[in-house]
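The values are calculated or read from the model by the stated rules, or taken from the named source; none is laboratory data. This one's a predicted model, so the numbers in the text were calculated from it and none came from an experiment. Please note: Cβ atoms are built from the backbone with ideal geometry, for glycine as well, and neighbour counts cover all protein chains shown.
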Amino acid sequence: MAGRGTRRLAGGPGGSVGTVVWALTLAAVLFFLPVVTVGGNGLYQSGEEEPEATLPIDRVAVTTGARDKGKVVRLQLEDGTVQEMTMADYLWGVVAAEMPASFEEEALKAQACAARTYTAVLQSNSAGKHPDADICADSTCCQAYVERSQAEARWGLNAQSYGEKIDQAVAETDGLGILYGGQPIQALFFSSAPGKTVDAVEVWGNSVDYLKSVESPEGDEVPNYHSQVLLTADQVKESTLTAYPGADLSGDPSGWFGNVVYGESGTVSSLVLGGVTLTGSQVRSLFALRSAAFTVSWDGSNFTFDVTGYGHGVGMSQYGANAMAKEGKTFEEILTWYYTGTEVALLWE
Ligand SMILES: [Zn+2]
């Protein structure tokens, strides 16, 4: 779920090939969200009146990180071996892998909470994805993870300051996660939105109360915010017929794409390609577009896809979180903005 250069930044499966399979898996997960026992009262449950003298959360929450340090995560690495580490060390590696460390502290804290919540949900699911581990380091399956030494080598001169920023993001959100109706949520995230996030129902067909379309403030400051994919008619034909053998692409290419329907977020909900109706997400996967927010045109020799944003568009936008943090928003405000109707509270005591 992450990317510099060609690596992906998007949360969850932002890739193309595995997207459909993943989406089906996700649909299953969303429907069978495990029941997790959440210990006691969260520190900052919404609707709860706080005493006037209460300090801002980022001042109060400076802790020793004891909750995360007292919890073990069994992580399956890329080579298949399983490594046990504390939740604190694991989350450090996830935040470092999933979000640029140059981002604002509050954005990094929001990312730490999303990653902690995602992990807690998997840990509570006895019939998890991995028989010998809680979670794996493959971003197309679970969430990305990078070892500290590797991340620091990549950061060069910034290694110490970036490392400490992430330590702080994890420690200052110690044990905190995102809950809806008292249960940890499926904390999906992605890189950047085309103005609004996407309702989960548009991507996977299942409505989820806290995964609704909301405005997202990022824009042209995002690297490669606008991207283009150029394909010849033959390339479009070959990809389409491989995936959808029933498509009829015998006529003039100018008539292959039609009936493009846009959703409320500005992403393509559906279109018809060679007589086959596809979702925007399927088209994104088929032609390896960075998102489903695109237009397509034919100039007589090539199809041009003009794409905005990066990732599946559902849940928290990472660049949006950074833009909100720059506006002075706290990690709690960021999380409850992107995950509708949720609260930030302790996942365990
Ligand atoms: Zn996995």
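Couple of notes before you dig in:
- Which numbered condition GLY80 fails, given (1) away from the ligand (no atom under 16 Å from the Cβ); (2) at pLDDT below 95; (3) on the phi > 0 side of the Ramachandran plot: (1)
- Test: residue in the stretch 166-184 that is within 16 Å of the ligand (Cβ to nearest atom), out of contact with any strand residue (DSSP E or B) (no Cβ under 7 Å at 6 or more places or on another chain) and assigned to a loop (DSSP other than H, G, I, E, B): no
- Failed item, numbered, when GLU202 is tested on (1) touching a Gly at 6+ places or on another chain (Cβ under 6 Å); (2) at pLDDT 95 or above: (2)
- Remark: LEU122 matches the filter, which requires a residue to be among the hydrophobic types (A, V, I, L, M, F, W, C), at pLDDT below 95 and within 16 Å of the ligand (Cβ to nearest atom).
- Identity of the residue in the stretch 83-95, crowded, with 19+ Cβ neighbours inside 10 Å and aliphatic (A, V, I, L, M), that ends up nearest to the ligand (Cβ to nearest atom): VAL94
- Within the stretch 205-242, the set of residues being buried (at least 20 other Cβ atoms within 10 Å of the Cβ) and touching a Leu at 6+ places or on another chain (Cβ under 7 Å) comprises VAL208, LEU211, THR240.
So that you can scan it fast, the table gives a plain yes or no per residue for (1) among the aliphatic types (A, V, I, L, M); (2) surrounded by 24 or more Cβ atoms within 10 Å (Cβ to Cβ):
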| site | (1), (2) |
| --- | --- |
| PHE305 | no, no |
| GLY315 | no, yes |
| ALA321 | yes, yes |
| THR330 | no, no |
| THR336 | no, no |
| THR340 | no, no |
| GLU343 | no, no |
| LEU346 | yes, no |
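- LEU188 vs. criteria in contact with a strand residue (DSSP E or B) (Cβ under 6 Å, 6 or more places away or on another chain) and among the aliphatic types (A, V, I, L, M): no
- Every pair of residues 6+ apart whose Cβ atoms lie under 7 Å, when the first sits in the stretch 125-153 and is in a helix (DSSP H, G or I) while the second is more than 12 Å from the ligand (Cβ to nearest atom) and among the aliphatic types (A, V, I, L, M): ALA151/ALA96; GLU152/ALA159
- Residue, farthest from GLN111 (Cα to Cα), within the stretch 126-158, restricted to residues that are more than 11 Å from the ligand (Cβ to nearest atom) and among the charged types (D, E, K, R): ASP132
- Those residues of the stretch 92-124 which are in a helix (DSSP H, G or I) and hydroxyl-bearing (Ser, Thr, Tyr), in sequence order: THR117, TYR118, THR119, SER124
- Boolean, SER297 is buried (at least 19 other Cβ atoms within 10 Å of the Cβ) and among the small types (Gly, Ala, Ser): no
- Taking the criterion of being of a type in the set (Val, Ile, Thr) and over 18 Å from GLY93 (Cβ atoms), the residues of the stretch 152-202 that qualify are ILE178, ILE185, THR197, VAL198, VAL201.
- Condition met for THR336 (in a strand (DSSP E or B), in contact (Cβ under 8 Å) with a residue 60 or more places away in the chain and not aromatic (Phe, Trp, Tyr)): no
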